[in-house]
Amino acid sequence: MLQNIDKILEEARQFKAETKKEIEQFRILYLGKKGALSELFKNFKDVPADQKKEVGQKINQLKQFVSEKIDALQAGISEEARTDDSRDLTLPGPPVQAGARHPISIVRNEIISIFGRLGYTISEGPEIEDDWHVFSSLNFPPEHPARDMQDTFFIEKDPDILLRTHTSSVQVRVMEKESLPIRTISPGRVFRNEAISARAHCIFHQVEGLYIDKNVSFADLKQTLLYFAREMFGKHVEIRLRPSYFPFTEPSAEMDISCQICGGKGCNVCKYTGWLEILGCGMVDPNVLEFNKIDSKKYTGFAFGMGVERVAMLKYQVKDLRLYFENDLRFLEQFKAAY
Ligand code: PHE
């Protein structure tokens, strides 16, 4: 019996198993139901009592050896699987998708930077506002039809609370708490109750500017806007101011830039006028200064306001405003190189 066990041990030692299948054969041969070990355990009862201890130990050693060999073989296989990998480690890795700034952010940052060079600070304020900051202090009399120029989202329970329709409200807050002179721009999100189309959205972004000091004139406004237009669209851009109306400025104007697509000759983008409308502006109405406790005899100022989406549309020639809100990567990816 002892000799027999030694023989089995030697055979087990010699056994060569490399593949998964061979290792399984080895396991069945020794540890299987009809394998060598169960055979030995079966015959154990016939072992004379005085040899039982020695034989028992030997059988256990054999069992341990076989189990360990199986473990080692299996570990070897996974080791092999790791090294025998068909992956080519010299290949470049999978591409990592790089993000890009949203075109609205790119254009907003550019507007901020242009006015920054002229010494304008940035001011921000709440998107949920009250009537005073959005309308009343900006010279919109109660029930005045000018309030309908901007379709407003009101809060049902309290019509005094509304979503700001322009960031002029931020400038009112600046006039309230800052000392003169004031030279600031307010970028931010605004809301108007408009049907969504290629040219309008109920949420969009504005940058509005305010400059109040002694002797600020319309000529200063014009030069500031010309500088802005040329920095934004290129140095050959021409500007044109058309008389307009806003309750908070007097006189008021709308500014056009010469169409960059046709060079002013006329095309379907500028509707054959050679001009594209870009912003509203004017001299701050003395009423607005007085509402905000600024002496309109001593101080004058100008204000302007533009839609960031509109500027981006003109700059990138995107004809549908909705694209800015859809987050379609095929659209957004085109702006990777733009900053
Ligand atoms: N607040 C105006 C708007 O949202 C734009 C504007 C600002 C016009 C300042 C004139 C002066 O339409």
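Observations on the structure shown:
- Build a GNM of the chain with springs between Cα atoms under 10 Å apart, and of Lys271, Lys21, Lys298 the one that fluctuates most is Lys21.
- Ordering Val174, Phe291, Ala12 by Cα displacement along the dipole of the chain toward the positive end leaves Ala12 in first place; charges were set at the Cβ atoms of Lys, Arg (+1) and Asp, Glu (-1).
- Among Phe44, Phe246, Phe302, residue whose mean-square fluctuation peaks in a GNM of the chain (springs only between Cα atoms under 10 Å): Phe44
- Ranked order, Glu10, Glu254 - accessible area, probe 1.4 Å, largest first: Glu10, Glu254
- Anisotropy class of segment 179-269 from Cα gyration tensor, a/c 1.5 cut: oblate
- With an a/c value of 1.5 or above and a/b not larger than b/c for the gyration tensor axes a ≥ b ≥ c computed over the alpha-carbon atoms, segment 228-281 is described as oblate.
- GNM flexibility winner over the chain from Ala253, Ala303, Ala17 (Cα, springs under 10 Å): Ala17
- For the chain, taking a cut-off of 4.7 Å between Cβ atoms, the unpaired cysteines are Cys202, Cys281.
- Less than 5 angstrom separates the built amide H of His205 from those of Val190, Val308, Glu309, all sequence-distant by 5 or more or on a different chain.
- The chain, accessible area per residue, ligands and nucleic acids excluded (1.4 Å, Å²): 59
- Solvent-accessible area of Glu11 with every protein chain in place, 1.4 Å probe, in Å² to the nearest 10: 90
- Global geometry of segment 135-233, whether rounded, prolate or oblate, following the gyration tensor of its Cα atoms and the 1.5 cut on a/c: oblate
- Rounded to the nearest 20 debye, the dipole magnitude of segment 72-194 is 580 debye, with +1 charges on Lys and Arg beta carbons, -1 on Asp and Glu beta carbons, and the Cα centre as origin.
- Legend: distances between Cα atoms for Lys21/Lys69; Lys177/Lys235; Lys265/Lys319; Lys222/Lys297; Lys16/Lys45; pairs beyond 26 Å are Lys177/Lys235; Lys16/Lys45.
- The residue among Tyr272, Ser217, Tyr324 whose Cα reaches farthest toward the positive pole of the charge dipole of segment 103-335, with charges on the beta-carbon of Lys, Arg, Asp and Glu, is Tyr272.
- Ordered from highest to lowest accessible area with the whole protein assembly present and a 1.4 Å probe, Thr273, Thr300 read as Thr273, Thr300.
- Split the accessible area of the chain by element, probe 1.4 Å, and carbon with sulfur accounts for 52%.
- Scanning residues 5 or more positions from Leu279 or on other chains, those with amide H under 5 Å from its amide H are Met255, with H placed 1.01 Å from N in the peptide plane.
- Cα-only Debye scattering, the chain: base-10 log of I(q)/I(0) at q = 0.07, 0.10, 0.12 Å⁻¹: -0.48, -0.69, -0.91
- Coupling constants for segment 319-327 follow from the phi torsions by the Karplus curve (6.51 cos²θ - 1.76 cosθ + 1.60, θ = phi - 60°), and in residue order they are 8, 10, 5, 4, 4, 5, 10, 8, 6 Hz; glycine and proline get x.
- The chain, dipole about Cα centre (Lys/Arg Cβ +1, Asp/Glu Cβ -1), debye to the nearest 20: 1000
- In terms of Cα atoms, the Rg and Dmax of segment 1-77 work out to 13.1, 43 Å.
The values are calculated or read from the model by the stated rules, or taken from the named source; none is laboratory data. Worth saying up front: this structure is predicted, and the values here are computed from it rather than measured. FYI the Cβ positions are ideal-geometry reconstructions off the backbone, even for glycines, and counts take in every protein chain you see. Ligands, DNA and RNA are excluded from the accessible area calculation, which covers all protein heavy atoms including side chains. Shrake-Rupley method; radii C 1.70, N 1.55, O 1.52, S 1.80 Å.
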